[in-house]
Structure formats: structure tokens, C-alpha cells
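One structure is given below, encoded as C-alpha cells.
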């Protein structure tokens, strides 16, 4: 399979950590950044949206709340109806600062280029397959970036995102991750206690993201199969990467934080489809479990489920030699009992505030120390589940594996890489049978 990156060896567990070891709060002063922030020397921060679904609209709303100098000036989405709905909602929130005229509302797969041209800051939250390519293009064009998780859905994409993070650092640009846990004040304080040794050595972690399936948009007569899949992109692996990168990435990012950015040595997993069938639910598994083993001796037991009518939970329990941390409650029990009682913030707002403040001050913020790494851990787990094989982190991180088509090759006139059978269900990977080439696609019934 093709590889869009020039080096695989550079993504080993050790070198990846060394390359991306700068902490998120460590900003590098950049006079060039301060000079280039505002359009034509004005005091306006021009923001563009790539994607007009709920998540990018939420980030845009938070950008408007981040200060009166922020304006939304350009928007892009594949579908005009979704773009118009987002525009109307944002306009109702701040009509004087949502200044997106008709010439700056772009539809189709090429609209991202026009958004990047028109703004200072790019918000990226769309079908996850495209996150690395869009972030890379924005950074190359000298723009600051907020990019939603996951930061790639396959090894090729994640390496591409890490390269974009490294380039942002070189160019003195801010690149902020949508892995918002790192911006939560309660979790920051909890992690400080963990790193100071309140739990002793971490030996085991239980991580859960158990929920109902994402929304399904009904097929309309005018929709092609490809358009139907783009409306329901969460449910198609070639666009979303399945639920480990989509949902469990939050948990595994927090686990990696607790483990002081240690990456697993290897993983194995199991999963499949038990209860979520029918048109619109695509080709994702609805239950998955992964065991990650670390050189430090820790083991992480991670699970996710997307089934209606079942027990829900989204939390992490960290067990150490001196106690247990119930991370969702920001509470520790053991030799020393502790509970966070400080002021709680909205981490979604804080991550956007951080981005805007970094631009105003000319002090770039870069999430590259954790965002690609945490995503790669989920890709490791996802491929271990699909194949039914034990896999090493270093092997997966260096793979040429990428879901087909590559982002640059996707067009709205192509045939989708997966098609339904006569019952409306899509072909699924079979652990122990399906190889990586078949998983990458195209898949046919």
C-alpha cells in the first residue's frame, strides 16, 4: 500500500516521544506570529470552519465567546443544507461577528482550500479521515489550527498529523487538539497528584466508553450511496476509523497522561457486531475490548460499546500500589485520600480560549506532544481487534496501512469503498480471517 510519509522508523515509541516531547503549556515566543495574526494589521482574528456539523459549530460558538475580536468569516461543508443550518445558528448567536457572505460559503470536497485562504484560524471538525490533510494544508499556508479528534484513523494519517504538529512548531503557529481532557482544571490537578506519586506505581487501568450509537440520518431519495455515507460518516470505517479512534481516544489520552506519556508495547483485542444492524449503521463494530501492555508493567483494559438499551459509562479507574483513582470523579482513595474541590471549568471553552490567547500574545501553543500519540494507541487497538492478532505499537506505527481511498483521492463522483448487501448491511472485518489489505478496502459484500 502507498505511504504518504517519507519515514516510518521515525515513529517508534522512543523517537516519537522524543520528537514530540514539548509540553502543551510550553509556548515559544514568536514575533513573526504576533505580526501575522490579524488581517491587514487589524485587530480582528478571522476564523474559518471546515465542517458544519455539531462539533465544528460548537467550536465556532466557543470561538465567538473567546473575545470580541473574533469573527467567523468562512465556512465549508460537503452539504449546503448543513452549512446553511450552521450559519443561521451562529448568526443568531452573534450576528455582528458572523460575517460569512455568500461568496465565503463553500460546498463540496474542495471548499477547505478556500476557507484556509480566507482566514487566520481554521477550525477542523468533519469526517475524521480528512483531519490530517486539512491540518497539514492549513499549517503549510501559515494558519493557526484547531482540529477535532481523532487525529487520523490509520497509521499513515496519524504520522501525517504528527508531521503537521512538527511543522507548526517550526513555523511558530498554534495547533490545538480537540482532546479536551488536557484542558480540564480538575483533571490537571488530579494528574499532578498521580505524577507526584499518590498512587505509587500504576499497575492497572479500566477505561470505558459505553453508549448508544451515533445519530443516523435517514436516506433521502435524492441521496447517492456516497452522499448517504457522508451524512452518516461516523458509521463508516473509511471515514471515521470506528469507535476506538472516535470515542475511546478520550479515555486513552487520559490514560497516557496518567502514565506520563508512556506508550504501550503491544496490544490484543476482541470485538464484533452483536446488536446494531440495519441501514445507516454502516460497517462499525458495536462492541470492542482491548488489553494494552506497557514496559513499565502497567496494563490497560479498555472497552467501548455502541448499543441501544444497554449500560452506559464513560470513565477511567486507575489502580496503583498505594491507592485507586476514580478519574471521572477526580477522587483518590488509598494511603492518602484526596478529592478535587476547586473551581470546575468548561474544557471545550478553555481549549478555544487557549488557542485565541496564544495568537493574541504571539506565544504558540502546540498539542503535538500528545495528540497523535494518543490517536495511534487507538489505531493499534482497532487493528488488533479487526485482525484478531496481537500487535506491537512500533509495528503498527510504521505500517503503510491506510483506509482507501486516500484523502486526496476522494471525490464526490466516486463509488464508495464499501457497499451494502441485499439486507442493507455492510461487510465487516472477520477476526482471524480478514487481512489488512481487505480491511483497508475496497470492501464488497
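The values are calculated or read from the model by the stated rules, or taken from the named source; none is laboratory data. Note that this is a predicted model, so its numbers are computed, not measured. Neighbour counts run over all protein chains shown; Cβ positions are idealised from the backbone, glycine included.
Do we find a residue being over 16 Å from residue 243 (Cα atoms), touching a strand residue (DSSP E or B) at 6+ places or on another chain (Cβ under 9 Å) and either in the same structural domain as residue 432 (by TED's automatic domain parsing) or surrounded by fewer than 19 Cβ atoms within 10 Å (Cβ to Cβ) (or both) anywhere in region 269-290? Give the steps one after another, and end with the answer.
As a first pass, look at region 269-290 and keep what is over 16 Å from residue 243 (Cα atoms): 278-279.
Restricting the remaining residues to those that are touching a strand residue (DSSP E or B) at 6+ places or on another chain (Cβ under 9 Å) gives none.
No, region 269-290 has no match at all.
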Response to the item:
Across (1) crowded, with 19+ Cβ neighbours inside 10 Å; (2) closer than 20 Å to residue 195 by Cα, residue 242 clears everything bar (2)
Fill in: Conditions (1) closer than 23 Å to residue 164 by Cα; (2) part of a loop (DSSP other than H, G, I, E, B); number of the one not met by residue 416
(1)
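A quick yes/no check of all residues on (1) in contact with a helix residue (DSSP H, G or I) (Cβ under 6 Å, 6 or more places away or on another chain); (2) buried (at least 16 other Cβ atoms within 10 Å of the Cβ); (3) at pLDDT 95 or above:
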| residue | (1), (2), (3) |
| --- | --- |
| 41 | no, no, no |
| 50 | yes, yes, yes |
| 55 | no, yes, yes |
| 62 | yes, yes, yes |
| 68 | no, no, yes |
| 72 | yes, yes, yes |
| 75 | yes, yes, yes |
| 80 | no, no, yes |
Item to complete: State the number of residues belonging to region 152-178 that are crowded, with 24+ Cβ neighbours inside 10 Å and either over 17 Å from the mean Cα position of the chain (by Cα) or free of Cβ contacts under 8 Å to residues at least 24 places away in the same chain (or both).
Response: 2
Discussion item. Quick check on residue 348: is it touching a helix residue (DSSP H, G or I) at 6+ places or on another chain (Cβ under 8 Å), in a strand (DSSP E or B) and touching a residue at least 40 places away in the same chain (Cβ under 8 Å)?
Written reply: no
Worksheet item: Hey, does region 171-182 have a residue that's in a strand (DSSP E or B), in contact with a helix residue (DSSP H, G or I) (Cβ under 7 Å, 6 or more places away or on another chain), within 20 Å of residue 246 (Cβ to Cβ) and at pLDDT 95 or above?
Response: yes
Worksheet item: Can you tell which of 149, 129 is crowded, with 17+ Cβ neighbours inside 10 Å, in a loop (DSSP other than H, G, I, E, B), modelled with pLDDT of 95 or more and under 18 Å from the mean Cα position of the chain (by Cα)?
Response: 149
Fill in: Condition met for residue 297 (closer than 28 Å to residue 393 by Cβ, assigned by TED's automatic domain parsing to the domain that holds residue 251 and surrounded by fewer than 15 Cβ atoms within 10 Å (Cβ to Cβ))
yes
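Residue by residue, here is whether (1) part of a helix (DSSP H, G or I); (2) free of Cβ contacts under 8 Å to residues at least 60 places away in the same chain holds:
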| residue | (1), (2) |
| --- | --- |
| 315 | no, no |
| 319 | no, no |
| 328 | yes, yes |
| 333 | no, yes |
| 364 | no, no |
| 375 | yes, no |
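Conditions (1) part of a helix (DSSP H, G or I); (2) surrounded by fewer than 20 Cβ atoms within 10 Å (Cβ to Cβ); (3) in contact (Cβ under 8 Å) with a residue 12 or more places away in the chain, marked per residue:
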residue	(1), (2), (3)
194	yes, no, yes
209	no, no, yes
214	no, yes, yes
226	yes, yes, yes
246	yes, no, yes
251	yes, no, yes
254	yes, no, yes
263	no, no, yes
Discussion item. For region 372-382, check the following and say yes or no: at least one residue is crowded, with 21+ Cβ neighbours inside 10 Å and more than 21 Å from the chain's Cα centre (by Cα).
Written reply: no
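Condition check ((1) in contact with a helix residue (DSSP H, G or I) (Cβ under 9 Å, 6 or more places away or on another chain); (2) without any contact (Cβ under 8 Å) to a residue 40 or more places away in the chain; (3) at negative phi) across all residues:
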site: 403; (1), (2), (3): yes, no, yes
site: 412; (1), (2), (3): yes, no, yes
site: 416; (1), (2), (3): yes, no, yes
site: 421; (1), (2), (3): no, yes, yes
site: 432; (1), (2), (3): yes, no, no
site: 436; (1), (2), (3): yes, no, yes
site: 442; (1), (2), (3): yes, yes, yes
